[in-house]
Amino acid sequence: MFPSAENVYSGPDAAGFFGAYGGRFVPETVIPALEELTEAFEAALEDSEFTGELEDLRHDYIGRHTPMYRAKRLAEAVGLGAVYLKREDLCHTGAHKINNTIGQCLLAKRMGKKRVIAETGAGQHGVATATAATLMGLECAVFMGVEDIRRQSLNVYKMKLLGAEVIPVAEGTGTLADAVTAALRHWVERVDDTFYVLGSAVGPHPYPLMVREFQSVIGLEIIDQCGARGVDRLDAVVACVGGGSNAIGTFYPFVLGASVNGSGVLGRPLLVGAEAAGLGVDTDKTGASMTKGSPGVMHGFYSYLLQDDAGNPLEAYSISAGLDYPGVGPEHAHFKDEGLVRYEPVTDAEALAAFEQLTRTEGIIPAIESSHALALLPRLAAELGPDAVVVVTLSGRGDKDIDIVREAGLGVD
């Protein structure tokens with residue numbers, strides 16, 4: 001189904017490139033800080049004290065392993081043989097984001113930093129950063145667009161309860177891309193005493209690599225859990241993609257060819273990323289950077305972007321505050337070009353229908369981000385047949401999105 005990963009995949013190289021994508025497109029003054037961070041990260045991964053503490057926190061604080069639940073009523077509804085949900089929504093704080101923030105805040109503490117900053121869109125990364133910072137006694141500030149503050153007021157309140165300062169960003173559209181810009185600008189000014197906890201698989205090297213390493217626990221657990229359950233064939237693995245943190249953590253072990261009981265990755269499943277089409281890829285209200293974008297530079301890295309003819313990022317749109325980012329992580333761009341992962345756009349309407357379907361069939365209220373991945377299940381049933389076995393990473397829970405779906409009219413007769 002796929003070309004051999006060993007033959008086509010490498011990355012990143014010493015300069016932080018995954019194929020043609022990635023790198024460091026930042027002011028010279030930031031390069032020493034990025035090099036220091038790279039060295040500290042690589043040393044930490046080789047230190048059993050660091051990895052042991054991280055593993056303990058994953059188990060005792062985050063709640064890993066997260067369950068892999070067989071959703072029988074959902075499978076029947078979409079016409080598949082079996083659907084398994086990787087329940088990242090059951091992580092402490094309610095989303096996969098905590099996997100990364102625990103790792104980065106632990107690294108910040110190891111580096112002697114007293115203060116961390118972060119950006120957030122849907123608020124999940126902001127809450128997860130504030131949580132990890134509190135746990136480790138670090139000062140925390142979170143940059144958030146004013147539109148996202150309006151859409152995600154519950155998560156703003158949580159961040160403040162946890163002791164974080166929430167810094168409103170009014171520039172641009174007041175959404176995630178503007179928050180990233182503001183956080184990067186602030187970090188350049190305070191790089192000596194501040195650690196930037198970047199939330200997705202984007203940014204200058206080594207951030208995409210760090211996020212991948214801290215999130216790969218998702219895919220590794222899926223492989224282990226399939227083996228433990230006796231799942232001997234896996235036809236597809238699906239995750240939503242904005243910047244791409246949960247998706248890179250889900251896909252990477254499969255791309256590498258990790259094995260179940262030494263017998264190969266369950267037949268090398270089809271890997272499918274669901275990106276936000278918004279109102280449709282034939283409109284200008286979309287966040288589908290890989291379907292409609294082209295290679296360019298933003299926020300210190302080179303990847304597929306929604307951009308104008310002059311290379312300026314275009315406004316991205318999605319009903320999901322976590323997916324309206326005009327770019328995608330560079331490793332995803334590399335996967336796309338090499339044919340290692342397939343990426344498909346999903347509209348707001350399709351995501352809302354999938355949200356309602358999971359809620360009504362299984363009693364699980366998913367994040368709208370995750371609903372984009374769920375929306376691909378009927379397409380996969382038509383392509384792979386009624387006996388196909390599919391895993392979906394449920395990246396987060398839907399509490400934060402209740403006002404949005406209520407405004408959309410779901411659940412109202």
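The values are calculated or read from the model by the stated rules, or taken from the named source; none is laboratory data. Keep in mind that this is a model prediction, so the values were computed, not measured. Cβ: placed from backbone, ideal geometry, glycine included. Neighbour counts: every protein chain shown. Ligands, DNA and RNA are excluded from the accessible area calculation, which covers all protein heavy atoms including side chains. Shrake-Rupley method; radii C 1.70, N 1.55, O 1.52, S 1.80 Å.
Might you tell me the accessible area per residue for the stretch 277-390, computed with a 1.4 Å probe and given in Å²? All intermediate terms of the calculation are to be shown ahead of the outcome.
Numbers: 3960 Å² over 114 residues.
Roughly 35 Å² per residue, with all protein chains present.
Please report, ordered by residue number, every helix of the chain (full DSSP H runs) that is 15 Å or longer along its axis going by C-alpha atoms and whose mean Kyte-Doolittle hydropathy reaches 0.0.
On the way: long enough: 31-45 (21 Å, 0.64); 97-110 (20 Å, -0.21); 124-136 (18 Å, 0.61); 176-189 (20 Å, 0.49); 217-229 (18 Å, 0.77); 245-256 (17 Å, 0.97); 348-362 (21 Å, -0.39).
Length and hydropathy pass: 31-45, 124-136, 176-189, 217-229, 245-256.
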Ellipticity estimate at 222 nm from DSSP helix runs (n ≥ 4, -39,500 (n - 2.57)) divided over the chain, nearest 500: -12500 deg cm²/dmol
With every protein chain in place, the stretch 290-413: carbon and sulfur % of accessible area (1.4 Å): 48 percent
Rounded, prolate or oblate (a/c below 1.5 giving rounded, otherwise prolate when a/b exceeds b/c) for the stretch 301-344 by Cα gyration tensor: oblate
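Restricting to the stretch 199-354, compute how many DSSP beta bridges are antiparallel as a %, nearest 5. Walk me through the numbers before you get to the answer.
On the way: 7 of 19 bridges.
DSSP beta bridges in the stretch 199-354 are roughly 35 percent antiparallel.
Classify the stretch 270-413 as rounded, prolate or oblate from the Cα gyration tensor: take a ≥ b ≥ c as the square roots of its eigenvalues, call it rounded if a/c is under 1.5, otherwise prolate when a/b beats b/c and oblate if not. Working shown, then result.
Numbers: a/c = 2.18, a/b = 1.37, b/c = 1.60.
Here the stretch 270-413 falls in the oblate category.
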In nm, spacing of pseudo-spin labels at Arg110 and Asp308 (7 Å Cα→C-beta vector): 4.4 nm
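Out of the total accessible area of the stretch 121-183 (probe 1.4 Å, heavy atoms of protein only), what percent is carbon and sulfur?
Details: 1330 of 2290 Å².
On the stretch 121-183, the fraction of accessible area on carbon and sulfur atoms equals 58 percent.
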Relative contact order for the chain, counting Cα pairs under 8 Å that sit 6 or more residues apart, in percent: 21 percent
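Once you have the Cα-Cα distance between Thr283 and Met136, take 0.36 nm times their residue separation minus that, and quote the gain in nm to one decimal.
Stretched out fully, the Thr283 to Met136 stretch lengthens by 48.4 nm.
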For the chain, size of Cβ-based charge dipole, Lys and Arg +1, Asp and Glu -1, in debye: 880 debye
Tensor-based shape of the chain (alpha-carbon gyration tensor, a/c under 1.5 rounded, otherwise prolate or oblate): rounded
Antiparallel content of DSSP bridges confined to the chain, in %, to 5: 30 percent
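Solvent-accessible area per residue for the stretch 1-155 at a 1.4 Å probe radius, Å²?
Values: 6380 Å² over 155 residues.
Value for the stretch 1-155: 41 Å² per residue.
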Length released on extending from Arg150 to Arg360, taking residue separation times 0.36 nm less the Cα-Cα span: 72.8 nm
Long-range HN-HN contacts of Gly280 with modeled amide H, under 5 Å: Asp348
Reachable lysines, given that their alpha-carbon falls under 24 Å from the alpha-carbon of Lys97 and they are not under 8 places away in the same chain: Lys86, Lys109, Lys113, Lys114, Lys158, Lys160, Lys336, Lys400
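Let's see if you can work this out: charge +1 on each Lys and Arg Cβ, -1 on each Asp and Glu Cβ, no other charges. What is the dipole magnitude of the stretch 123-223 about its Cα centre, in debye to the nearest 20? Mind showing how you got there, number by number?
On the way: 7 positive and 11 negative charges, 54 e Å.
For this selection, approximately 260 debye.
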Choice from Glu165, Glu338, Glu46 showing the highest fluctuation, given a GNM over the chain with Cα pairs closer than 10 Å: Glu46
Additional length obtainable on full extension of the chain from Leu45 to Arg268, 0.36 nm per residue less Cα span: 77.5 nm
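Write down the percent of antiparallel bridges among all DSSP beta bridges whose residues are both part of the stretch 26-171, to the nearest 5. The partial results should precede the final answer.
Values: 3 of 14 bridges.
Percent antiparallel among DSSP bridges in the stretch 26-171 is about 20.
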